[in-house]
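Below is one structure; the comments refer to it alone.
Throughout, read-outs are computed from the coordinates displayed, never taken from laboratory work. Note that the structure is a prediction, hence the values are computed from the model and not measured. Cβ atoms come from the backbone with ideal geometry, glycine included; neighbour counts cover every protein chain shown.
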Ligand code: ADP
């Protein structure tokens, strides 16, 4: 055992995120001796590639108001090309250029991120509730923490992205924020930093002056009502991480210099028990 509790950082995949600044900061922290895991998204690039390949993205909205990418087998291929392909490779490249020995992994590698595939997905389409059966999506319920610790113990920095691995061994699309929350809990991380293209959770999105600086765990339910679209998943992930023993979850801005260190010092929305 060591007393250097790891730091888990999730960097989103929306437009405007500055991966160079994020990687500069990862390099500074790793050089200072931090054990770090980086989880990343790729939603914007996936939308662009989907359009270029003539298969425009489609999204499903659940009766509870959560949106997710409709991921049939063809979409899953595009998803993997972007997440485990271009995005992961380019982030690992950025880190290698900065002297960090990064190792890129998808959730399939070593069953790093595992969980059940949904048999069907309930969605509201044209005001009617329908069941979608050919969706390759699911939820991470198990993290191969031993694999991550093996890498961390030998000085490697894991860079992780969906897809995850279903219990049957299929590739499935999972939410990156909630996967990062599971990773943080499994590793006993002190902090989970979730970086996106907004300064944090905004009371009146998109007015950045309405940033909510602190949320207590007990107030997360209420915070869910301010979050729209995919921000809801971040709030849910934060709740899961705290319930899993993570001390603090911080929503920070990935468009500025030193995005991780600033968030670690409290810039953004800090969520704590
Ligand atoms: P990423 O891909 O970076 O993980 P998402 O696109 O999933 O990020 O989620 C961040 C987005 O959530 C923001 O770009 C913003 O459009 C949206 N959003 C919705 N409601 C809020 C809110 N209350 N505060 C901040 N962002 C919000």
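Observations on the model:
- When restricted to Cα atoms, segment 168-213 yields an Rg and a Dmax of 14.7, 46 Å, respectively.
- Global geometry of segment 208-267, whether rounded, prolate or oblate, following the gyration tensor of its Cα atoms and the 1.5 cut on a/c: oblate
- Most to least packed among 170-176, 18-24 [average Cβ atoms within 10 Å]: 170-176, 18-24
- When each of the peptides 40-47, 245-252 is scored by how many other beta carbons lie within 10 Å of its residues on average, the order from highest to lowest is 245-252, 40-47.
- For segment 75-220: rounded, prolate or oblate by the Cα gyration tensor [a/c cutoff 1.5]: oblate
- Taken along the Cα-to-beta-carbon direction at a fixed 7 Å, the label points for residue 97 and residue 53 span 2.6 nm.
- Segments 262-268, 97-103, 189-195, 236-242 sorted - mean Cβ within 10 Å per residue, highest first: 189-195, 236-242, 262-268, 97-103
- Counting only DSSP H runs of at least 4 residues, each contributing -39500 (n - 2.57), and dividing by the residue count of the chain, the helix-based mean residue ellipticity at 222 nm comes to -9000 deg cm²/dmol.
- In plain terms, the chain from residue 168 to residue 218 could stretch by 14.4 nm, reckoned as 0.36 nm per residue minus the Cα-Cα distance.
- Cα-based shape type of segment 16-153, given that a ≥ b ≥ c are square roots of the gyration tensor eigenvalues and the cut on a/c is 1.5: prolate
- A full extension of the chain between residue 4 and residue 86 corresponds to an added length of 26.4 nm, given 0.36 nm per residue minus the alpha carbon distance.
- Segment 7-272 - percent relative contact order, Cα under 8 Å, separation 6 or more: 23 percent
- What separates the Cα centres of segment 39-92 and segment 166-232 is a distance of 18 Å.
- Gaussian network model of the chain, springs between alpha carbon atoms under 10 Å - residue of 155, 138, 33 with greatest fluctuation: 33
- Inter-label distance, residue 154 to residue 142: 2.3 nm, where each label sits 7 Å from its Cα along the C-beta direction.
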